[in-house]
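For reference, the structure is listed below as structure tokens.
Throughout, read-outs are computed from the coordinates displayed, never taken from laboratory work. Please read these numbers as outputs of a predicted model, since none were measured by experiment. All Cβ positions, glycine included, derive from the backbone under ideal geometry; neighbour counts span all protein chains shown.
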Amino acid sequence: MGSYLTDGSGKSLYMFASDTSTKSTCTGQCLQYWPILSGMPSAGSGVDGTKLATAMTRGATQVTYAGHPLYHYAGDKGAGDTSGQGSNNFGARWWLLAPSGQPITTSSPGSGSSSSAAYGYGNG
């Protein structure tokens, strides 16, 4: 799937296709499976820091990248896992994000490596 965004621990980050620019539409039970990435962002290697921002989501500070609110997937157990890639649940698709800020729309979920294929993102 190429290079994609991860958090500071190497866990994959996703965007939800039904979200609007900096507005999360994942609510209720959706958040149990797709928890938001919260906190204050700082760019890691390969990440364009100018594309990082935050938005308020139900009282929490959610990290955004290129206008996309970011989420983890509860089914990803460790660094490099990409089990959520291409999932179609809660009304739309879930995609990994490339460092360019564009969704990676190949829909083959699975497990990847947290090596150089995953770009670092730090929250701190």
- prompt: Can you tell me which of SER24, SER3, SER18 is closer than 20 Å to THR105 by Cα, among the small types (Gly, Ala, Ser) and buried (at least 19 other Cβ atoms within 10 Å of the Cβ)?
  reply: SER24
query: Within segment 58-71, how many residues turn out to be within 24 Å of GLY28 (Cα to Cα) and either among the aliphatic types (A, V, I, L, M) or surrounded by fewer than 21 Cβ atoms within 10 Å (Cβ to Cβ) (or both)?
result: 7
- request: Restricting attention to segment 43-57, report how many residues are surrounded by fewer than 17 Cβ atoms within 10 Å (Cβ to Cβ), outside any strand (DSSP E or B) and either in contact with a Pro (Cβ under 9 Å, 6 or more places away or on another chain) or charged (D, E, K, R) (or both).
  value: 3
Any hit, segment 70-84, residues being touching a residue at least 12 places away in the same chain (Cβ under 8 Å) and more than 21 Å from GLY2 (Cα to Cα): yes
message: If I ask for residues that are touching a Cys at 6+ places or on another chain (Cβ under 8 Å) and assigned to a loop (DSSP other than H, G, I, E, B), which ones from segment 64-93 would you list?
response: PHE90
message: Would you confirm whether or not segment 80-90 contains a residue that is over 18 Å from THR106 (Cα atoms) and more than 14 Å from the chain's Cα centre (by Cα)?
response: yes
Candidate set: segment 1-46, residues that are touching a Gly at 6+ places or on another chain (Cβ under 8 Å) and charged (D, E, K, R); chosen: the one nearest to ALA66 (Cα to Cα): ASP7
field: Hits in segment 30-42 (condition: touching a residue at least 40 places away in the same chain (Cβ under 8 Å), in a loop (DSSP other than H, G, I, E, B), in contact with a Phe, Trp or Tyr (Cβ under 8 Å, 6 or more places away or on another chain) and not aliphatic (A, V, I, L, M))
entry: TRP34
